[in-house]
Amino acid sequence: MTNPRPSRLSPEQIALALRNDILAGNLKPGERIVERDVGARFCTSRGPVREALRLLQTDRLVSIESYRGAKVAEPTTDEIVEMFEARAAVYGLVARLAARRASPATIQSACASIATILPLIERAHGDMQITRTIMRNASATLNLLAAASRSDYVRGLFDECMQRTSWHISYFAVSQVHDTMRHYIAWRKLSNGLAARDPGLAGDGAREVAHATLADALHAFPQLFPSVDP
């Protein structure tokens, strides 16, 4: 009796697996992705692999060069600024709407989540593990606010922005928190704005959260991407 051959993965499934490798740091910025090797890994032909790489290229996780193939993207400083500015705009929008529309229980939950972030920020300088914990808690808080916006359009915009910038934000977790006071003030402002039901204050705080992380990213850029011309 012979074992059935495993079903081939779709391009979307291959792209997801490669995305997870990139997010986990198993594939480094600038590292070549060889179609033949990926095909052998997933027991498939080059066609689905090429389609998977095109999907990742759309999300700017991979760059594809003629006659040279694919490699993990290496962002420039301009691209990093653009990505964080996009996040800042979306963060501000969801925070403003949440301050107006969220239920009292959701506001309480968001403020409680931020309260767990603040003491971590005070201890984060130079500690990569704490930085990653902050990022996980921050992501959960912002997802809560996006849901609380009570807008399918805004939630979709938030999800799309998070997906398209997820690797770059995740990768910069290794930059660690550089200016702890700036992060602390931004999160405190967001919490105060939510508690006071003040859309302007909440929106300003949320945007400042993104800008504080951008400052960390730019500080770390030369160490993370030494071969990239800014």
Review point. Which residue pairs have Cβ atoms under 7 Å apart, sit 6 or more places apart or on different chains, and have a first residue in region 62-83 that is closer than 18 Å to Leu27 by Cα and in contact (Cβ under 8 Å) with a residue 40 or more places away in the chain and a second that is assigned to a loop (DSSP other than H, G, I, E, B) and among the acidic types (Asp, Glu)?
Key: Lys71/Glu31; Val72/Glu31
Study note, to complete from the structure: Scanning region 81-90 for residues that are buried (at least 21 other Cβ atoms within 10 Å of the Cβ) and either basic (Lys, Arg) or in contact with a Leu (Cβ under 7 Å, 6 or more places away or on another chain) (or both), the one modelled with the lowest pLDDT turns out to be Phe84
Review point. Inside region 8-29, can you point out the residues that are modelled with pLDDT of 85 or more, open to solvent by 30 Å² or more (accessible area, probe 1.4 Å) and not in a helix (DSSP H, G or I)?
Key: Leu9, Ser10
Review point. Of the residues that sit in region 45-61 and are farther than 21 Å from Met83 by Cβ and in contact with a Pro (Cβ under 9 Å, 6 or more places away or on another chain), which one is surrounded by the most Cβ atoms within 10 Å (Cβ to Cβ)?
Key: Ala52
**Study point:** Whichever residue in region 91-133 is without any contact (Cβ under 8 Å) to a residue 60 or more places away in the chain and not in a helix (DSSP H, G or I) and, among such residues, is least open to solvent (accessible area, probe 1.4 Å)
**Key:** Ala124
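Against the definition (closer than 26 Å to Thr180 by Cβ and not β-branched (Val, Ile, Thr)), how does Ser63 come out, yes or no?
Working: closer than 26 Å to Thr180 by Cβ: no; not β-branched (Val, Ile, Thr): yes.
No: the conditions fail for Ser63.
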Review point. Out of region 120-139, which residues are of a type outside the set (Ser, Thr, Tyr) and closer than 19 Å to Glu208 by Cβ?
Key: Leu120, Ile121, Glu122, Ala124, His125, Ile134, Met135, Asn137, Ala138
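The values are calculated or read from the model by the stated rules, or taken from the named source; none is laboratory data. The shown structure was predicted, so the numbers you read here are calculated from the model rather than taken from an experiment. No Cβ is skipped: glycine too gets one built from the backbone with ideal geometry, and neighbour counts run over all protein chains shown. Each accessible area value is taken on the protein alone, full model and side chains, heavy atoms only, with ligands, DNA and RNA left out. Shrake-Rupley method; radii C 1.70, N 1.55, O 1.52, S 1.80 Å.
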